[in-house]
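In what follows, a single structure is set out as structure tokens and then discussed.
The values are calculated or read from the model by the stated rules, or taken from the named source; none is laboratory data. The structure presented is a predicted model; accordingly, all values stated were derived computationally and were not measured. Glycine also receives a Cβ, built like all others from the backbone with ideal geometry; neighbour counts cover every protein chain displayed. Just the protein is used for accessible areas: all its heavy atoms, side chains included, with ligands, DNA and RNA removed. Shrake-Rupley method; radii C 1.70, N 1.55, O 1.52, S 1.80 Å.
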Amino acid sequence: MKIAATVEEIRSAVKAWKKEGLSVGFVPTMGYLHEGHQSLMQKAVSENDRVVVSIFVNPMQFGPSEDLESYPRDLEKDSALCEASGVDLIFHPEPKEMYHPDFSSFVDMHGLTESLCGKSRPAHFRGVCTVVTKLFNIVQPDRAYFGQKDAQQLAVIQQMVRDLNMDVTVIGCPIIREADGLAKSSRNSYLSADEREAALVLSRALEVAKQMLADGERDAAKILKAISETIQAEPMAKIDYVELVDARTLQQVDSVERPVLVALAVNIGKTRLIDNFITE
């Protein structure tokens, strides 16, 4: 396995693979990899001849008061996990390699980006769409793999690929959880022991919603009220949003009559965590 820092290195390697008729899978990440990322890498390895993983903490998707500088980084550990998973190449560029000094082109989207995380992080998805477009152009993968935990991000990227006729298949992969139900996240490393325990309220609240749906409840307002009350019972938790939306359009629904995304974002102390599930 090799680590490449430049666009030229990546393009050269991928061109050589494609000249041999090999398929290329791609897993974009911001590093500090965990079992959730590993599941994406393993699926990519199983479905492609060669696999590229990008490790790039994208400054464009962080707001002024967000955790860009403190975002966890550990390239040595990440590299070992990539190699153990069968990855062929890591793309680990510096910000100046991705954004030259007079960079002035952006990929923006309306609609899907304005709800959920887009409400409290207004510039976030412009940064996501721009960097993912750049990465797709650089790597030229046949397939790209994203986790369902970032459900809005996955929907946005799938829409962007359709809208811009990008020649890549976007594949969503299931949320990977700790044994006690907490969704795997790089930001979990910020949590103290007490905060880690408090964070379990996210998955507990979603389980309440799942049970209500299983029992036949279809009124979105009642489901959202039960989720919110469960979270508010945890003193360390502060709700950013709790939403029940159409799984495709991400627009709010009054009643659950088709597949919906039940999504939430909650601050535990200073750490913002997200979780979700999609109904059948």
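The table for this structure:
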quantity	calculated
Test: residue 10 is farther than 25 Å from residue 113 by Cβ and in a strand (DSSP E or B)	no
Residue check for residue 74: modelled with pLDDT of 95 or more and surrounded by 13 or more Cβ atoms within 10 Å (Cβ to Cβ)	yes
Condition met for residue 250 (on the phi > 0 side of the Ramachandran plot and either part of a loop (DSSP other than H, G, I, E, B) or modelled with pLDDT of 95 or more (or both))	yes
Residue tally, condition in contact with a Lys or Arg (Cβ under 9 Å, 6 or more places away or on another chain) and closer than 24 Å to residue 50 by Cα, over the range 88-134	4
Criterion (surrounded by fewer than 18 Cβ atoms within 10 Å (Cβ to Cβ) and aromatic (Phe, Trp, Tyr)) met by exactly one of 106, 146, 136	106
Test: residue in the range 5-25 that is surrounded by fewer than 21 Cβ atoms within 10 Å (Cβ to Cβ) and in contact with a Ser or Thr (Cβ under 7 Å, 6 or more places away or on another chain)	no
Selected residue [within 21 Å of residue 32 (Cβ to Cβ), open to solvent by 20 Å² or more (accessible area, probe 1.4 Å) and modelled with pLDDT of 95 or more] from 171, 176	176
Yes/no for residue 95 being farther than 26 Å from residue 176 by Cα and not β-branched (Val, Ile, Thr)	yes
Residues satisfying the stated conditions in the range 34-59, i.e. open to solvent by 40 Å² or more (accessible area, probe 1.4 Å), within 21 Å of residue 150 (Cα to Cα) and in contact with a Phe, Trp or Tyr (Cβ under 7 Å, 6 or more places away or on another chain)	43
Residue satisfying all of: in the range 219-247; in contact with a helix residue (DSSP H, G or I) (Cβ under 6 Å, 6 or more places away or on another chain), of a type outside the set (D, E, K, R) and outside any strand (DSSP E or B); most open to solvent (accessible area, probe 1.4 Å) among these	236
Unmet criterion (only one of (1) modelled with pLDDT of 95 or more; (2) surrounded by fewer than 20 Cβ atoms within 10 Å (Cβ to Cβ)) for residue 82	(2)
Complete set of residues in the range 202-212 that are more than 17 Å from residue 267 (Cβ to Cβ) and either open to solvent by 20 Å² or more (accessible area, probe 1.4 Å) or among the aromatic types (Phe, Trp, Tyr) (or both)	207, 208, 210, 211, 212
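Results for (1) touching a strand residue (DSSP E or B) at 6+ places or on another chain (Cβ under 7 Å); (2) closer than 24 Å to residue 120 by Cα, shown as yes or no for each residue.
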site	(1), (2)
185	yes, yes
191	yes, yes
196	no, yes
216	no, no
223	yes, yes
226	no, yes
